[in-house]
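In what follows, a structure is listed as structure tokens, so that the remarks can point back to it.
The values are calculated or read from the model by the stated rules, or taken from the named source; none is laboratory data. The structure presented is a predicted model; accordingly, all values stated were derived computationally and were not measured. For the accessible areas, the whole protein counts, side chains as well, though only heavy atoms, and no ligand, DNA or RNA atoms are used. Shrake-Rupley method; radii C 1.70, N 1.55, O 1.52, S 1.80 Å.
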Amino acid sequence: LANDRNQPLARPVPYPRLVIDPAAREAVLHKMGLNVDRPVIALCPGAEYGPAKRWPARHMAALASKLLAEGKQVWLFGSGKDNDIAGDVSALAPGVTNLSGQTSLAEAIDLLSCASAVVTNDSGLMHVAAALERPIAAIYGSSSPRFTPPLTNRAKIVTLSLECSPCFERVCPLGHMKCLNELRPEQVLAALDELIE
């Protein structure tokens with residue numbers, strides 16, 4: 001979406017769309033022993049690029065705990081590479097359903113389509129959720145929504161817009177990662193509430 005680090009492209013970008021096969025979705029729900037009898041909030045705690053794009057597990061877990069207390073289901077999504085952070089979230093928030101590394105990409109897409117809303121870092125799954133037209137609370141730390149936005153009209157960007165961000169680094173060059181450490185679960189919950197209303 002950008003021709004250099006400072007200038008986003010001016011041309012309009014068409015929004016991608018994914019279409020789900022209802023039978024395939026039912027099959028993967030059955031396979032994973034899941035149901036949608038209560039609202040599902042999908043959490044995507046990983047980000048392939050590096051730790052400066054990952055909201056801390058303790059914050060994701062605090063958000064998950066609040067959502068569980070509201071009676072919602074919380075499903076964690078990610079590839080096998082996200083197992084560590086997803087495991088940390090699930091250990092800190094008993095009651096979440098950890099699907100990280102347990103589905104194919106096609107299965108994850110089918111299951112994400114069941115979500116009432118998605119909380120995600122700037123990651124591949126954020127773009128999948130956008131293409132599924134799911135409401136998204138998109139968390140940005142070292143990256144910028146000007147360059148890699150969720151291509152949907154149903155997203156709330158959650159970022160602190162600190163002086164040092166976006167730095168576009170994989171690891172915080174200042175060693176404090178304030179852009180994500182200081183982004184509180186309450187801020188993300190407020191964005192979610194706006195999306196779901």
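Out of (i) -0.38, -0.62, -1.14, -1.23; (ii) -0.24, -0.47, -1.13, -1.27; (iii) -0.26, -0.51, -1.31, -1.47, which label holds the value of log10 I(q)/I(0) by the Debye sum over Cα atoms at q = 0.08, 0.11, 0.17, 0.18 Å⁻¹ that was computed here?
(ii)
Amide H of LYS156: which non-local residues (sequence gap of 5 or more, or other chain) have their own amide H closer than 5 Å, using H built in the peptide plane?
The answer is ILE136, ALA137, ALA138.
Could you give me the ³J(HN,Hα) list for the range 156-170, computed from phi with Karplus coefficients 6.51, -1.76, 1.60 and θ = phi - 60°, whole Hz, x at Gly and Pro?
Once θ is set to phi - 60°, the couplings for the range 156-170 become 10, 8, 10, 8, 8, 6, 6, 4, 8, 10, x, 9, 6, 9, 6 Hz.
Arrange the residues PHE77, PHE147 by how much accessible surface each exposes, largest first, with a 1.4 angstrom probe.
PHE147, PHE77
At 1.4 Å probe size, with no ligands or nucleic acids counted, give the accessible surface of THR159 in Å², nearest ten.
The value for THR159 is about 50 Å².
Kindly sort ARG38, ARG25 by accessible area of their heavy atoms, largest first, with the probe set to 1.4 Å.
Listed by decreasing accessible area, they come as ARG38, ARG25.
With a probe of 1.4 Å, find how much accessible area the chain has per residue, and write the answer as a whole number in Å². It would help to have the intermediate numbers written out before the result.
Values: 9570 Å² over 197 residues.
On a per-residue basis, the chain sits at 49 Å².
What lysines does LYS81 reach when the alpha-carbon gap must be under 16 Å and sequence neighbours fewer than 8 apart in one chain are set aside?
Counting by Cα, and skipping residues close in sequence, LYS81 has these lysines nearby: LYS53.
Determine the share of the chain's accessible area contributed by carbon and sulfur atoms, expressed in whole percent, with a 1.4 angstrom probe.
52 percent
Please report the antiparallel percentage of DSSP beta bridges with both residues in the chain, rounded to the nearest 5.
Of the beta bridges lying entirely in the chain, close to 5 percent run antiparallel.
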